Amino acid sequence: MTQASLSKRRGQGEDSIYWDASKIRYIGAVSLGFSPAGTRIRKKVTGRTKTEVRDKLRELHRQVEGGLRPRRRYTVEDALEDWLAIGLDGLSARTVTLYRDTATSIEPLVLMLTGTAPESTAAPPDLTGLALSVARARKDYQACRYDELVSRLPHPLSQLGTACHRLTGDDRLRACALSADAYHVAAAFLLKAGDPGLAHVATDRSMTAALASQDPLTVGTSARIVTHTLTSSGHLTAAVTTAQKHAARLDHETGATTPESLSVCGSLLLRGALAAAQHDDRATAHEMLAEAAGTARRLGSDANLRGTAFGPVNTQMHQVNAAVTLGDAGTAIDLARQIDLRAVTVTERKASLLIDVARAFFQWGKYEQAHAALRAAEDIAPQDVAARPSVGTLARDLATLAPTSIRRDAEQFASRIGAPR
């Protein structure tokens, strides 16, 4: 090595690349300054060659400068490699502080659903404003902002109930459609939070309002939450039948030719496929997944029409869920590795995918990768991870079975989401 090369040192903040024999990977690291808490912000990437790592570091710099983290293709495998490279210090202070106790703020929603909330004002219903409120509630749910959701949702639910009774004609039909969507959001949150009793109440009200709206697409959309609720309650045959019948009815009534009708029909098929997988009915699950994939191809690309997030990538994600539910962990992981995370624009769906990947790795006995997937999901959607009882169960199992190298972190993770051993 020449004197010139010896004297050429990296300046502060410059990148470093080194070989990690334990991971059989090159590791690239860069300091990005300090957080508001005074801790150094250090990011790491991995690769099989130095060139690959340099490319990733350049992309990281570009992303940081633009406030984003783009890659040409950022797969589930990339996410897990990054987390395994970062190690136990990978959880940012920001992620920890994003946890909220939604149990204390859910009371207004409970009162609304049980009919004990205060009466709404006598002011004329503002359907335009209520439509905006329902759209914001759906956005909060899909962004996993559950603390905001449960604080905002009771008021429009109450107002829409009043509107459905007071209004007539087309205004009443519109109010009923909005009410169906709002109750759908409420039921989805309650199912995620492990409150099936109240979820059934919200689901029933969603379908009642949908039928009153006389809109086939609204009815089909509410049928999704009916299928989901039946699945969560263990009524799997009824769930599959509900999804099949409503998908067929929607196809008959609308022709399933518009982007919205394709999205609702396809999402119904996906929800039914997951129910079939839980029932260990492989043939029906694969048949419905294949039909949904055909519908997704007709749609062309992923969209979030009628709050479905349906499309080809979303269908792939449901294939992962079905595979892990059927016990096909290797298939689930292979399918997940083909999904570009950047193509998943709905935060709740992205977190669900990573949780499914964690389940698959756990089934496979690869506890370090399972923990990395949960940590990645936590970083993306901390409130979603903390809200799911199923994640708490998985976290406790990981804390028990994890190797010594990650056991302490696994125990801290379980405690952090309220699921200590």
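Residues of the range 306-350 that are of a type in the set (S, T, Y) and in a helix (DSSP H, G or I): T315, T325, T331, T347.
Every residue, every condition in (1) under 11 Å from the mean Cα position of the chain (by Cα); (2) within 27 Å of D280 (Cα to Cα); (3) at pLDDT 95 or above, yes or no:
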{"residue": "L341", "(1), (2), (3)": "no, no, no"}
{"residue": "T345", "(1), (2), (3)": "yes, no, no"}
{"residue": "K350", "(1), (2), (3)": "yes, yes, yes"}
{"residue": "D356", "(1), (2), (3)": "yes, yes, yes"}
{"residue": "A376", "(1), (2), (3)": "no, no, no"}
{"residue": "A381", "(1), (2), (3)": "yes, no, no"}
{"residue": "A387", "(1), (2), (3)": "no, yes, no"}
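Yes/no per residue for (1) touching a Phe, Trp or Tyr at 6+ places or on another chain (Cβ under 8 Å); (2) in contact (Cβ under 8 Å) with a residue 40 or more places away in the chain; (3) surrounded by 19 or more Cβ atoms within 10 Å (Cβ to Cβ); (4) within 30 Å of D281 (Cα to Cα):
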position: L149; (1), (2), (3), (4): yes, yes, yes, no
position: A177; (1), (2), (3), (4): no, yes, yes, no
position: A182; (1), (2), (3), (4): no, yes, yes, no
position: A188; (1), (2), (3), (4): yes, yes, yes, yes
position: S206; (1), (2), (3), (4): yes, no, yes, yes
position: L217; (1), (2), (3), (4): no, yes, yes, yes
position: H228; (1), (2), (3), (4): no, yes, yes, yes
position: H235; (1), (2), (3), (4): no, no, no, yes
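Checking each residue in the range 384-406 for being of a type outside the set (G, A, S), touching a Leu at 6+ places or on another chain (Cβ under 8 Å) and farther than 13 Å from K350 by Cα picks out V391, L394, L398, I406. Comparison of A377, A303, A292 shows that the only residue that is aliphatic (A, V, I, L, M), assigned to a loop (DSSP other than H, G, I, E, B) and at negative phi is A303.
For the range 241-258, the set of residues classified as open to solvent by less than 20 Å² (accessible area, probe 1.4 Å) and under 21 Å from A188 (Cβ atoms) consists of A243, A247, L250, listed by residue number.
Residues in the range 262-288 that are farther than 20 Å from L353 by Cα and in contact with an Asp or Glu (Cβ under 8 Å, 6 or more places away or on another chain): C265 only. Only one entry in R205, R249 is in contact with a helix residue (DSSP H, G or I) (Cβ under 9 Å, 6 or more places away or on another chain) and under 25 Å from L111 (Cα atoms), namely R205.
For the range 262-269, the condition holds for at least one residue, the condition being that it is more than 20 Å from L230 (Cα to Cα) and either of a type outside the set (A, V, I, L, M, F, W, C) or open to solvent by less than 50 Å² (accessible area, probe 1.4 Å) (or both).
Among the residues of the range 130-153, is there at least one that is part of a helix (DSSP H, G or I), in contact with a Pro (Cβ under 9 Å, 6 or more places away or on another chain) and modelled with pLDDT under 95? Checking the range 130-153: at least one residue is part of a helix (DSSP H, G or I), in contact with a Pro (Cβ under 9 Å, 6 or more places away or on another chain) and modelled with pLDDT under 95.
So that you can scan it fast, the table gives a plain yes or no per residue for (1) modelled with pLDDT under 95; (2) in a helix (DSSP H, G or I):
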| site | (1), (2) |
| --- | --- |
| H165 | yes, yes |
| D170 | no, yes |
| A177 | no, yes |
| G194 | yes, no |
| M207 | no, yes |
| A210 | no, yes |
| T218 | no, yes |
| T221 | no, yes |
| T227 | no, yes |
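Do we have L167 as hydrophobic (A, V, I, L, M, F, W, C), surrounded by fewer than 21 Cβ atoms within 10 Å (Cβ to Cβ) and in contact with a helix residue (DSSP H, G or I) (Cβ under 6 Å, 6 or more places away or on another chain) here? Yes, satisfied. Of all residues in the range 101-129, exactly one satisfies the criterion of being in a loop (DSSP other than H, G, I, E, B), open to solvent by 80 Å² or more (accessible area, probe 1.4 Å) and at pLDDT 80 or above, namely D126. Confirm whether I339 is at negative phi and free of Cβ contacts under 8 Å to residues at least 40 places away in the same chain. Considered against the rule, which asks whether it is at negative phi and free of Cβ contacts under 8 Å to residues at least 40 places away in the same chain, I339 comes out as no.
Does R407 count as in a helix (DSSP H, G or I), modelled with pLDDT under 95 and surrounded by fewer than 24 Cβ atoms within 10 Å (Cβ to Cβ)? Judged against the criteria, R407 is a match. Looking only at the range 216-267, which residues are of a type in the set (D, E, K, R) and closer than 24 Å to G194 by Cα? If the condition is that a residue be of a type in the set (D, E, K, R) and closer than 24 Å to G194 by Cα, then R224 is the only one that fits.
So, in the range 366-390, how many residues would count as being open to solvent by less than 40 Å² (accessible area, probe 1.4 Å) and more than 15 Å from C144 (Cα to Cα)? So the answer is 6.
The values are calculated or read from the model by the stated rules, or taken from the named source; none is laboratory data. Note that the structure is a prediction, hence the values are computed from the model and not measured. All Cβ positions, even for glycine, are placed from backbone atoms using ideal geometry, and neighbour counts span all protein chains on display. Heavy atoms of the whole protein, side chains included, go into the accessibility calculation; ligands, DNA and RNA do not. Shrake-Rupley method; radii C 1.70, N 1.55, O 1.52, S 1.80 Å.
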